[in-house]
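Remarks on the structure that follows.
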Amino acid sequence: MTNVSAMDVASNILILTEKLMEILKHDEEPNPDEWNSVLEQREEQITHLGKLQTLGIDLQAQEKELLQKSYQLDQEILSLMKQQQAKIEEQLQQVNKAKVANKQYAGETTHVAYGAFFDKKN
């Protein structure tokens, strides 16, 4: 475990954070599974860095600078993820509205064929 330097770990954290940022910024429909994969890899690196610090390895100025850049990118990533979450919530609301409208007009057991329905209210 100690054969990997804190600089390598800090660099890996920054690289993974930048990769996550690219995924979120440039994909129209980002894949949450891809997010999770990168987040898990980054979490492993962060855990590894924590273990190095418990062994008494102090961070140098360069390492701290890399981690600061990672932190700043992470703040932007959180904002982008919240935007994606809002989009997904909006899509779910639209689906739920469509379900409610379908139940209201067609009933729960009636299957609507080809978009036609019979108004049961009258």
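Between beta-carbons, use under 14 Å as the cut-off and find the net charge around Ala10, counting Lys and Arg +1, Asp and Glu -1.
Taking every Cβ under 14 Å from that of Ala10, the sum is -3.
Setting aside same-chain residues fewer than 8 positions from Lys51, which aspartates and glutamates have a Cα under 18 Å from its Cα?
Correct list for Lys51: Asp8, Glu40, Glu43, Glu63.
Can you tell me the equivalent ellipsoid semi-axes for the stretch 6-83? Use √(5λ) from the Cα gyration tensor, largest first, whole Å. Before the final figure, lay out each step's value.
Details: eigenvalues 127, 32, 16 Å².
Semi-axis lengths for the stretch 6-83 are 25, 13, 9 Å.
Bear in mind that the values in this text are calculations on the coordinates, not laboratory data. This one's a predicted model, so the numbers in the text were calculated from it and none came from an experiment. Note that each Cβ is placed from the backbone with ideal geometry, even for glycine, and that neighbours are counted across all protein chains shown.
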